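The structure appears below as structure tokens.
The values are calculated or read from the model by the stated rules, or taken from the named source; none is laboratory data. In this text, all values refer to a predicted model and were calculated from it rather than measured experimentally. Virtual Cβ from ideal backbone geometry, glycine too; neighbours counted across all protein chains shown.
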Amino acid sequence: MGAKALYTDTKNKIINALIEEKDIESLNKLDKDRQEYLKYSGGWKKVNLDEYLSQFDIVDDTFNMVTGKRKISFFH
């Protein structure tokens, strides 16, 4: 599984868990974060997430990944 697929899968699991828990506050915070990102990132350089994260040799969801309700962090 590529890094982008791993990130997307993890993101979807977090969102689905919040929906199942009916955690409206966290879902609203995610939406606010997304709107703020879209508002300010228009001129930012775009990168290929798989290419960037491949330098960390991430191959599964237990390798150097920390998740929270609003953030997924990869580290090496």
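Taking the range 1-51 as the range and being charged (D, E, K, R), surrounded by 14 or more Cβ atoms within 10 Å (Cβ to Cβ) and in a helix (DSSP H, G or I) as the test, the residues that pass are Lys4, Lys29, Asp50.
Residue-wise test of (1) of a type in the set (A, V, I, L, M, F, W, C); (2) closer than 21 Å to Thr67 by Cβ; (3) over 14 Å from the mean Cα position of the chain (by Cα).
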{"site": "Asn16", "(1), (2), (3)": "no, yes, no"}
{"site": "Lys32", "(1), (2), (3)": "no, yes, yes"}
{"site": "Tyr40", "(1), (2), (3)": "no, no, yes"}
{"site": "Gly43", "(1), (2), (3)": "no, no, yes"}
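Selection over the range 57-69 of residues that are modelled with pLDDT of 70 or more, surrounded by 11 or more Cβ atoms within 10 Å (Cβ to Cβ) and in a loop (DSSP other than H, G, I, E, B) gives a count of 1. Checked against (1) at pLDDT 85 or above; (2) in a helix (DSSP H, G or I), Ser54 passes all but condition (1).
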